[in-house]
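Written out below as structure tokens is the structure these notes cover.
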Amino acid sequence: MVGTKNDVQKKASILIIVASFNELVTKSLHAGALDVLDSSPAQVTTKWVPGCFELPVVAAKAARSGKYSAIITLGAVIRGETPHFDFVAGEAARGIMDVSLETGVPVIFGVLTTNTVEQALNRSGIKYGNKGRDAAHAALQMIQTMSEI
Ligand code: INI
């Protein structure tokens, strides 16, 4: 039998992994995610990493541990004037998708990729929503969906 939303969430454990790089932005993404998860009975833990490049390795270890129903990755890669952006953003996205497909644990991509700090701030609670909130909703929906399959 498929559990109700609340039954499923009561047994759920969610790990949030947040990149410290561009901390002004990522702290707001984290606050947005926690705000959504506060109204869920799921158990929530947070771990910090230096930058988005480090998100996949921690997500991989966590996913393989079997402890988590879903993992949320949060970060902000801001283009500025450096080609570093493409490597960091591209590898983070690829690595996170690889972990999710290899382990079967939903790993949510809550990483902002923007041209400017202003665009990132606007998407972390100032003008155009908060990607951390969206990521938390995505995690809850994926936990439910995975429990039904
Ligand atoms: N990390 C980010 O999370 N965002 C960025 O915008 C960024 N830029 O632009 O360089 C960034 N770099 C650090 C990277 O994620 C690693 O922490 C670092 O290279 C050490 O491996």
Return the only residue of Ser39, Ser69 being over 11 Å from the mean Cα position of the chain (by Cα) and without any contact (Cβ under 8 Å) to a residue 24 or more places away in the chain.
-> Ser39
The condition of being small (Gly, Ala, Ser), buried (at least 20 other Cβ atoms within 10 Å of the Cβ) and not in a strand (DSSP E or B) holds, among Ala89, Ala31, Ala76, Ala93, only for Ala89
Scanning segment 34-60 for residues that are outside any helix (DSSP H, G or I) and within 11 Å of the ligand (Cβ to nearest atom), which turns out most open to solvent (accessible area, probe 1.4 Å)?
-> Pro50
Every residue from segment 76-129 that is more than 18 Å from the chain's Cα centre (by Cα), over 18 Å from Val57 (Cα atoms) and within 9 Å of the ligand (Cβ to nearest atom) | Arg79, Gly80, Thr82, His84, Phe85
In the set Val18, Val25, which member is at pLDDT 95 or above and part of a helix (DSSP H, G or I)?
-> Val25
Hits in segment 99-120 (condition: more than 22 Å from Thr45 (Cβ to Cβ), open to solvent by 40 Å² or more (accessible area, probe 1.4 Å) and part of a helix (DSSP H, G or I)) | Leu101, Val117, Glu118, Gln119
Of all residues in segment 1-28, which are surrounded by 14 or more Cβ atoms within 10 Å (Cβ to Cβ) and aliphatic (A, V, I, L, M)?
-> Val8, Ala12, Ile14, Leu15, Ile16, Ile17, Val18, Ala19, Val25
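The values are calculated or read from the model by the stated rules, or taken from the named source; none is laboratory data. No experiment lies behind these values; they were computed from the predicted model shown. Heads up, the Cβs are rebuilt from the backbone with ideal geometry, glycines too, and the neighbour counts pull from every protein chain shown. Quick note on the areas: whole protein, heavy atoms, side chains included, nothing else; ligands and nucleic acids left out. Shrake-Rupley method; radii C 1.70, N 1.55, O 1.52, S 1.80 Å.
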